[in-house]
Amino acid sequence: MTSTVDTAGDVPLVLQAAPDLPPIVAAPSRAGPLTTFARRNPTLVVGGLLLMLIGLAAIFAPWLWTVDPHALAPARRIRPPSETNWFGTDDLGRDVYSRVIYGARTSLVVGAAVAAVATFFGVLVGVVSGFVRWLDPIIMRIIDGLMSIPSVLIAIALLGVARGSIANVIIAIALAEFPRVARLVRGVVLSLRERSYISAAIACGSSASRIMSRHILPNAMDPIIIQATYIGASAIITEAILSFLGVGTPPTIPSWGNIMAEGRALWQVKPYIVFFPSIFLCITVLAVNLLGDGLRDMLDPRAAKRI
Amino acid sequence: MGTFILRRLLLTLPVMTVVALFVFGLLYIAPGDPATMIAGDQATPVEVERIRVSLGLDQPFVVRFGAWALSALRGDLGNSLFSGQSVVSMIEQRVPPTLSLMALTLVISVSVAVPLGVVAAARQGSWLDRAVSSFAVLGFSLPVFVLGYVLAYVFALELGWFPVQGYAPPSAGFGQYIRHLILPALALSGGYIALITRIGRSAMLEALSQDYVRTAKAKGVDRRSVLFIHALKNAALPIISIIGIGVATLISGAVVTETVFGIPGLGRLVVDSLLRRDYPIIQGVVLVSSFTYIIVNLAVDVVYTLLDPRIRY
């Protein structure tokens, strides 16, 4: 066993004489790199696959045995699940299954867009705050202020003055989420700027923007990616909450929150209108959270052990 | 101690100002001109202008913000555009249900989450630990209104143990009061429990790896005292701090929970006002909730120094 290892010559004789010892170095796995990756990062793979499945459903919604999610059929209002309407119909006779599948588009677009917008502005503000000393206290007080307003209330307040489009919903949620990224990035910048390789870069005459883009941001990338994933999950929930309350995505666009809002008045007699979109919402959020946990475990093994 | 509290209090002033600016700025950019609205359809431009001046709407932003902030400090947040009632009295009516809901949630969450976190950390890597961690991920992924509907369906509609909807004030009897609050509080607890458990577990792991824990074990202190006295006391700070930070999530969750369970609290008030575009009420609720959050976290910081004499500011 040990003799297959190159360093076998260094192993003390006593050990060599014991043939039943387990191999010191694991035998190279015969599984392909993909299987090895999946075995090492089960959470990441499960979350990623689930999310991919929902993403495919969103993209190929028209071909997934759906009908027009807006088609009204007053004659077939509030039907329980059946062979023609898998998830039943709502109070306007629309097919709940089709609306749920199309609703995946709204959730995924909002989740991804908020993650992107919040991360972009968060990184921008965090870098400025971490690098420009005199601006730091001002920016941090603004961040503290924004963080002390509960996220749903920030979004509600903004949607009160600018109602009614997916873009506004995205902006409103992103405003509530970006302070988290800004704080994270500021912290990383503050701790990195004291490192000697940064001093070396300054001594070499690198410009501030070069130090930022070449030396600091690449080192801050891992926590930012992890945080962006969690923000995506939280944004999907917030969009559903806002739409459920009737203040988010316009009711004409199918979204899980909207379907639940329509089912709200009827839920005690016809609970399925509320439950089907709920299930999809939970699975999607779980998938994104698992993806985030998996990324954290993969990129930052030390943090993974602590949390 | 006194100077610390004073300094900490002064530090919250800029934060409160930012919140106030945000809240006031909302009305500033809101569509619709209050002067035109008050003047009515028949008013001439001159009359509208006169009302505008009498309301101070012709003043620059800073002056208007100052005037608004001063009256807010005196406890006047304006009147509802819809009913004409004062915003402060409308909010006062809605505070008890929301506060009761949040208080019960806090009690449930802490009494479930702290033991869970301690046990998970004490048996790190065991099936119990893994179950607790998986439960935390599930808790984060279960939106509060989904959990609310599931609980209401099972325990109210199917089993009939609790009322499906509504709120009973304490004057209706303590039993009724709690019966109406249990399901919404459980729904609201889900995410909060997950949050506190996760932080509690990692804080306990940190504390358990310290030398004094090893010393205590070596002295022969029994397991339970090591866990709850030596380790938990030292892990208490991050736990208390996450409870404070979690209040923001709790307020967000309460808004939704009140809609699911038909509770006439602040959350319902703000949603109903939004549908009617009653901006002064939205401003008032946002202001009150955020200031509550700021004050809770101020209190947390003060508790910190009381608990841990090493912390000196």
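Within the stretch B:261-309, if we keep just the residues that are among the small types (Gly, Ala, Ser) and assigned to a loop (DSSP other than H, G, I, E, B), the residue that is nearest to residue B:238 (Cα to Cα) turns out to be B:265. Residues that are away from chain B (no Cβ under 11 Å) and either crowded, with 18+ Cβ neighbours inside 10 Å or of a type in the set (S, T, N, Q) (or both) number at least 3 in the following helices (runs of 4 or more DSSP H) confined to the stretch A:214-307: A:217-244, A:256-264, A:272-299. Within the stretch B:271-295, being closer than 22 Å to residue B:9 by Cα and of a type in the set (Ser, Thr, Tyr) holds for B:289, B:290, B:292, B:293. Out of A:142, A:171, A:149, one residue alone is in contact with a helix residue (DSSP H, G or I) (Cβ under 9 Å, 6 or more places away or on another chain), within 12 Å of another protein chain (Cβ to nearest Cβ) and in a helix (DSSP H, G or I). It is A:142. Is it true that residue A:120 is among the aromatic types (Phe, Trp, Tyr), under 23 Å from residue B:15 (Cα atoms) and either within 14 Å of chain B (Cβ to nearest Cβ) or out of contact with any strand residue (DSSP E or B) (no Cβ under 8 Å at 6 or more places or on another chain) (or both)? No; evaluated as a whole, the condition is false for this residue. In the stretch B:53-65, which residue that is at pLDDT 80 or above and surrounded by 13 or more Cβ atoms within 10 Å (Cβ to Cβ) is farthest from residue B:17 (Cα to Cα)? Applying the filter and picking the extreme gives B:64.
In the stretch B:10-32, the residues that are facing chain A (nearest Cβ under 7 Å) form Cβ pairs under 8 Å with partners that are outside any helix (DSSP H, G or I) and of a type in the set (Ser, Thr, Tyr), at six or more places apart or across chains, as follows: B:15/A:148; B:19/A:148.
Being among the β-branched types (Val, Ile, Thr) and more than 10 Å from chain A (Cβ to nearest Cβ) is the requirement here; does residue B:215 meet it? Criteria met by residue B:215. Of all the criteria given as (1) over 30 Å from residue B:254 (Cβ atoms); (2) touching a Ser or Thr at 6+ places or on another chain (Cβ under 8 Å); (3) not hydrophobic (A, V, I, L, M, F, W, C), the one not satisfied by residue A:207 is (2). Scanning the stretch B:137-156 turns up no residue that is closer than 21 Å to residue B:228 by Cα and either within 11 Å of another protein chain (Cβ to nearest Cβ) or assigned to a loop (DSSP other than H, G, I, E, B) (or both). Annotation for the stretch B:135-151: no member residue is without any contact (Cβ under 8 Å) to a residue 24 or more places away in the chain and surrounded by fewer than 17 Cβ atoms within 10 Å (Cβ to Cβ). Filtering the stretch A:117-173 to residues that are within 23 Å of residue B:273 (Cβ to Cβ), surrounded by 18 or more Cβ atoms within 10 Å (Cβ to Cβ) and of a type in the set (S, T, N, Q) leaves A:148, A:151, A:168. If the condition is being more than 20 Å from residue A:257 (Cβ to Cβ), away from chain B (no Cβ under 13 Å) and surrounded by 21 or more Cβ atoms within 10 Å (Cβ to Cβ), then the stretch A:174-200 contributes A:178, A:181, A:182, A:185, A:186, A:188, A:189. In this structure, is residue B:115 at pLDDT 85 or above, touching a Gly at 6+ places or on another chain (Cβ under 8 Å) and surrounded by 12 or more Cβ atoms within 10 Å (Cβ to Cβ)? The answer is no for residue B:115.
All of A:161, A:152, A:125 fail the test of being out of contact with any strand residue (DSSP E or B) (no Cβ under 9 Å at 6 or more places or on another chain), under 21 Å from residue A:193 (Cα atoms) and either in contact (Cβ under 8 Å) with a residue 60 or more places away in the chain or not acidic (Asp, Glu) (or both), apart from A:125.
A Cβ distance below 6 Å, combined with a sequence gap of six or more or placement on separate chains, defines the contacts here; from the stretch A:262-290, residues that are of a type in the set (Gly, Ala, Ser) reach residues that are in a helix (DSSP H, G or I) and surrounded by 19 or more Cβ atoms within 10 Å (Cβ to Cβ) in the pairs A:263/A:273; A:263/A:274; A:278/B:146; A:287/A:47; A:287/A:51.
Conditions tested, residue by residue: (1) within 14 Å of chain B (Cβ to nearest Cβ); (2) more than 24 Å from the chain's Cα centre (by Cα).
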site	(1), (2)
A:105	no, no
A:108	no, no
A:112	no, no
A:115	no, no
A:134	no, yes
A:138	yes, yes
A:160	yes, yes
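State yes or no: is residue A:235 farther than 23 Å from residue B:268 by Cβ, within 21 Å of the chain's Cα centre (by Cα) and of a type in the set (A, V, I, L, M, F, W, C)? For residue A:235, the condition - farther than 23 Å from residue B:268 by Cβ, within 21 Å of the chain's Cα centre (by Cα) and of a type in the set (A, V, I, L, M, F, W, C) - is met. The number of residues in the stretch B:240-268 that are facing another protein chain (nearest Cβ under 10 Å), of a type in the set (S, T, N, Q) and more than 20 Å from residue A:180 (Cα to Cα) comes to 1. State which residue pairs qualify: first residue at negative phi and inside the stretch B:203-218, second residue not in a helix (DSSP H, G or I) in any location, beta carbons under 8 Å apart, and separation of 6 or more residues or different chains. Every condition considered, the pairs that remain are B:205/B:124. Residue A:254 meets each of the listed conditions (1) at pLDDT below 85; (2) in contact with a Gly (Cβ under 6 Å, 6 or more places away or on another chain) apart from (1). Of the helices (runs of 4 or more DSSP H) that lie entirely inside the stretch A:1-109, those containing 1 or more residues that are loosely packed, with under 13 Cβ neighbours inside 10 Å, among the hydroxyl-bearing types (Ser, Thr, Tyr) and modelled with pLDDT of 70 or more span A:33-40. Of all residue pairs spaced 6 or more apart or on separate chains, those with beta-carbon atoms under 8 Å, a first member in the stretch B:176-194 that is farther than 16 Å from residue B:146 by Cα and hydroxyl-bearing (Ser, Thr, Tyr) and a second member that is surrounded by fewer than 23 Cβ atoms within 10 Å (Cβ to Cβ) and modelled with pLDDT of 90 or more are B:177/B:100.
The values are calculated or read from the model by the stated rules, or taken from the named source; none is laboratory data. No experiment lies behind these values; they were computed from the predicted model shown. Quick reminder, even Gly has a Cβ in these numbers, built from the backbone with ideal geometry, and neighbours come from all protein chains shown.
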